[in-house]
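The values are calculated or read from the model by the stated rules, or taken from the named source; none is laboratory data. No experiment lies behind these values; they were computed from the predicted model shown. Neighbour counts are summed over all protein chains in view; Cβ atoms, including those assigned to glycine, are modelled from backbone coordinates with ideal geometry.
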Amino acid sequence: MRLVFFGTPEFAVPTLEALAREHEIALVVAQPDKPAGRGMKMQAPAVAVKARDMGLPLAQPPRIRNDEFLASVAALNPDAGIVVAYGKILPANLLTIPRYGFINVHASILPKYRGAAPIQRAIEHGETKTGVTIMRVDEELDHGAMLAIETTEIPPDERTPSLASRLSRIGAEALLRVLETMPDGTPQDHDAATYAPKIEKSEGAIHWSDTTASIYNKFRAFDPWPGIFAGELKLIDIVPADGHGAPGTILNANNDGVVVATGDGALRLITVQRPGKPKAAAADVLRGLGRL
C-alpha cells in the first residue's frame, strides 16, 4: 500500500519502521521542531529523526488545516493514512483524501482512555490490563470504529516508559495485520467512553495523607515527566513499604532508604532530589528529620 504517516513521539517510531518494511511510505508528517532541555535548543521529534535516518520524505508543517498542505497530500494519491500519536486532531478534508481513509494506533482498550495520555492514566488509575486499539479515524477524538484490539498485563511495578515501549511494538504488529485484511470494524460503545487528558506538571504534587497505592501509581505513571513531588522534594525512586503512622512521619531511615508514613501505610524513599541539587540517596538527605 501507498501510505502517508502522521506521528511525532518515540511511541510512533516502531510503527513507522514496521510499515516501511512492508509498504511504501509516500510521506511522513511530524510536529515541528521545538525547544527542549536546559539550553532550550531546537529539537526534532523522534519520528522526524527516524524519517530522516530512513531517507523518507518528511514534512513538519506548523498547520495542517491549509489548502497548500492538503493539496500536497492529495497529490500523493495515498491508499491509506496512518496516525500514531501525532498530537493534533486531523481535519475532515484531510481524512477523506486517502482511498481507505485514516487508521489510528491508540494506546488503550477503547472506548476507555480516549485522549492524549492513555498510558499514564491507565497506570495512575491502577489498571492491571491495557492494550492497543487499531481504529478508523473520524472527526471526533478517538471515536471511530475499532478494527483490532490487542491486550497486555500491567505488572504492579511497571512504569510508563516500559509499558509505552511494549505497547508501541504491539500496536505496530497489530496494524500490519489490519492492513492485510482491512476489516469493516466494530463501532465503539460511546456511552462507556472515558478520557485520558494531557498530563499537567502540577499533577505531580503528592500529599502524604494520600494512600500508598495512589502515590505509588502516580510515581509509576508520571515517570519521566513530570515526576512526583512532596513539597519541593522530588521523589526519584520509591517503593511501597511496611509501616503505619501519622502521614508524613519518618518511620525509619537507614542505608536502604527512608520509610515515610502515608494515609494508609508507608513508602520507602530510595533516591530524592532537592531543587538545584543532584539526585542523592534519601537517607543522606533526610536522615535526622522527624517528618516531611
The number of residues in region 212-249 that are among the hydroxyl-bearing types (Ser, Thr, Tyr) and either more than 24 Å from the chain's Cα centre (by Cα) or in a strand (DSSP E or B) (or both) is 1
Quick one: would you say Pro91 is over 22 Å from Met135 (Cβ atoms) and surrounded by fewer than 18 Cβ atoms within 10 Å (Cβ to Cβ)?
no
Hey, can you tell me all the residues within region 131-175 that are assigned to a loop (DSSP other than H, G, I, E, B) and of a type outside the set (A, V, I, L, M)?
Asp138, Glu139, Glu140, Asp142, His143, Gly144, Pro155, Pro156, Asp157, Glu158, Arg159
Residues of region 253-264 that turn out to be surrounded by fewer than 17 Cβ atoms within 10 Å (Cβ to Cβ) and at pLDDT below 95, as a count
3
In region 183-202, which residue that is touching a strand residue (DSSP E or B) at 6+ places or on another chain (Cβ under 9 Å) and under 22 Å from Ala116 (Cβ atoms) is surrounded by the most Cβ atoms within 10 Å (Cβ to Cβ)?
Ala196
Within region 212-229, can you find the residues that are closer than 19 Å to Gly276 by Cα and either surrounded by fewer than 19 Cβ atoms within 10 Å (Cβ to Cβ) or out of contact with any Leu (no Cβ under 6 Å at 6 or more places or on another chain) (or both)?
Pro224, Trp225, Pro226, Gly227, Phe229
Which one of Thr186, Thr160, Thr133 is farther than 24 Å from Leu90 by Cα and hydroxyl-bearing (Ser, Thr, Tyr)?
Thr160
Hey, any hits in region 111-125 for a residue that's under 30 Å from Ala74 (Cβ atoms), in a strand (DSSP E or B), in contact (Cβ under 8 Å) with a residue 24 or more places away in the chain and within 20 Å of the chain's Cα centre (by Cα)?
yes
Go through region 265-285 residue by residue and tally those that are over 26 Å from the mean Cα position of the chain (by Cα) and crowded, with 16+ Cβ neighbours inside 10 Å.
7
Determine whether region 6-15 contains at least one residue that is within 23 Å of Ser168 (Cα to Cα), among the aliphatic types (A, V, I, L, M) and either in a helix (DSSP H, G or I) or touching an Asp or Glu at 6+ places or on another chain (Cβ under 8 Å) (or both).
yes
Exclusive hit being at pLDDT below 95 and under 21 Å from His143 (Cα atoms), set Pro187, Pro183:
Pro183
